[in-house]
Amino acid sequence: MSDLVTLDEIRAAQQRIAGVALHTGLHRLEPDRLRQAGFPVPTFEIYIKAESEQPIGSFKLRGAYNMVAQLDPEVRARGVITYSSGNHAQGVAYAARAMGVKAVIVMPDNAPEVKKIATAALGAEIVLVGPASSERKIKAEELAAEFGYAMIPPYDHPHIIAGQATCGLEIVEQLPEVDVVISPVSGGGLLSGTATAVKLAAAAGLAKPEVKVWGAEPELAADAKESFETKKLVEWPAAKTTRTIGDGLRTQSMGVINFEHVLRYVDGIAAVSEDEILAAMRLMLSATDLIPEPSGAVTLAAALFHAEEMGLDKVRRVAVILSGGNLEPALKEKLEHELATTH
């Protein structure tokens, strides 16, 4: 087993990204607004960690900046490259622009247009490939070898994990009495980081000793749940994972280093249906001032529809991470129309 990320490394990352990545809000989902939206009020309090408030609209800036900032200046000057369906692309592009270096992003051709446009607007050069996450990784590695770019992987690196872990550290700082934290999982950067931060903070007396961390992902891309339950890292074919509306959760397998952290610190992974994701999005749009992208809504879907499975009926405070708010305008319009016609 490789060395796992430490609390000191997470704290160092927190200092490194300060002033670039925001300390995002943790917003209570108010019972009255739940009732008004036609949802039964659960027995536990729900708090939403709004990573949609980041400058790029997602948590990915944390890990990307933490890694780019630690590159040797000569290496960084040659430019950086990554492979991403959208949010990590923007994170790397934002970090590269902040440091005045070139960014090349390999994206799938089925990435949401809103994410392609946002990445290009940050000055990155975009290279499009097919929909499989393996395709973009291979292409990025080819370009890195050819041009000497520094690779900024989307999740499978200690610097990325430590950067994403700052989100978990913020949650326990904002709500020390939190009982359960729920993070989305795809490649595993956010879940592995969040779980590591929360459990190490608890060990240091900064959070409840019995605090739990769960992952949430779509049923149609539930490779992480299968990996967690079998204790063996599995890979799902792109033809399966690309079926979900959660475009940021279509990665075919968790990262190797991420999986080690997940096995050590995560308590369980819940898989949610597409209907549950859409219901959670409608609720967030009607009962909060937050904009959720599908990948970010899986955590609220898990809390609302899988509470008993996750033991939430036995706790008081649950924090769900809204990992991003880069919602396609057409889908937002469709959901708002549905809300208008049902109320």
Practice item. Considering only residues that are under 18 Å from Phe59 (Cβ atoms) and of a type in the set (Val, Ile, Thr), look in the stretch 193-217 and name the one that is surrounded by the fewest Cβ atoms within 10 Å (Cβ to Cβ). Key: Val213
Practice item. Could you run through the stretch 208-236 and say how many residues are without any contact (Cβ under 8 Å) to a residue 40 or more places away in the chain, farther than 23 Å from Val198 by Cβ and not acidic (Asp, Glu)? Key: 5
**Study point:** Answer residue from the stretch 30-50, given it is in contact (Cβ under 8 Å) with a residue 24 or more places away in the chain and among the acidic types (Asp, Glu) and is surrounded by the fewest Cβ atoms within 10 Å (Cβ to Cβ) among those
**Key:** Glu30
Study note, to complete from the structure: Only one of Ile46, Ile17, Ile56, Ile10 is farther than 18 Å from Gly189 by Cβ and of a type outside the set (Gly, Ala, Ser), namely Ile46
Exercise for review: For the stretch 273-295, indicate whether the set of residues that are touching a Leu at 6+ places or on another chain (Cβ under 9 Å), assigned to a loop (DSSP other than H, G, I, E, B), at negative phi and crowded, with 24+ Cβ neighbours inside 10 Å is non-empty.
Suggested key: yes
Check your understanding: Got a sec? Which of Gln15, Gln70, Gln90 is outside the structural domain of Leu206 (by TED's automatic domain parsing), among the polar types (S, T, N, Q) and under 26 Å from Tyr265 (Cα atoms)?
Key -> Gln70
Review point. Under 23 Å from Glu45 (Cβ atoms), out of contact with any helix residue (DSSP H, G or I) (no Cβ under 7 Å at 6 or more places or on another chain) and not assigned by TED's automatic domain parsing to the domain that holds Gly91 - does that describe any residue in the stretch 316-334?
Key: yes
Check your understanding: Any chance the stretch 137-148 includes a residue that's touching a Pro at 6+ places or on another chain (Cβ under 9 Å) and either under 22 Å from Ile245 (Cβ atoms) or touching a residue at least 60 places away in the same chain (Cβ under 8 Å) (or both)?
Key -> no
Exercise for review: Determine whether Val178 is touching a strand residue (DSSP E or B) at 6+ places or on another chain (Cβ under 8 Å) and either of a type outside the set (Ser, Thr, Tyr) or not in a helix (DSSP H, G or I) (or both).
Suggested key: yes
Exercise for review: Answer yes if at least one residue in the stretch 70-85 is part of a helix (DSSP H, G or I), free of Cβ contacts under 8 Å to residues at least 60 places away in the same chain and buried (at least 21 other Cβ atoms within 10 Å of the Cβ), and no otherwise.
Suggested key: no
Point to revise | Qualifying residue in the stretch 56-65 (condition: touching a Gly at 6+ places or on another chain (Cβ under 8 Å), surrounded by fewer than 24 Cβ atoms within 10 Å (Cβ to Cβ) and not in a loop (DSSP other than H, G, I, E, B)) | key: no
Review point. Can you tell me how many residues in the stretch 138-164 are more than 24 Å from Leu327 (Cα to Cα) and either among the acidic types (Asp, Glu) or assigned to a helix (DSSP H, G or I) (or both)?
Key: 15
**Study point:** Single condition Glu235 does not satisfy, out of (1) of a type in the set (D, E, K, R); (2) within 27 Å of Glu276 (Cβ to Cβ); (3) assigned to a helix (DSSP H, G or I)
**Key:** (3)
Practice item. Mind listing whichever residues of the stretch 8-22 are exposed (fewer than 15 other Cβ atoms within 10 Å of the Cβ) and either touching a His at 6+ places or on another chain (Cβ under 9 Å) or assigned to a loop (DSSP other than H, G, I, E, B) (or both)? Key: Gly19
Review point. Mind checking which residues of the stretch 154-182 are surrounded by fewer than 24 Cβ atoms within 10 Å (Cβ to Cβ) and at pLDDT below 95?
Key: Asp156
Review point. Which residues, counting only those in the stretch 114-150, are of a type outside the set (Ser, Thr, Tyr), within 22 Å of the chain's Cα centre (by Cα) and within 19 Å of Met99 (Cα to Cα)?
Key: Ala118, Ala120, Ala121, Leu122, Ala124, Ile126
Practice item. Considering only residues that are part of a loop (DSSP other than H, G, I, E, B) and in contact with a strand residue (DSSP E or B) (Cβ under 9 Å, 6 or more places away or on another chain), look in the stretch 100-119 and name the one that is surrounded by the fewest Cβ atoms within 10 Å (Cβ to Cβ). Key: Asp109
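The values are calculated or read from the model by the stated rules, or taken from the named source; none is laboratory data. In this text the structure is predicted, and so the values were computed from the model without any measurement. Here Cβ is always computed from backbone atoms with ideal geometry, including for glycine, and neighbour counts include all displayed protein chains.
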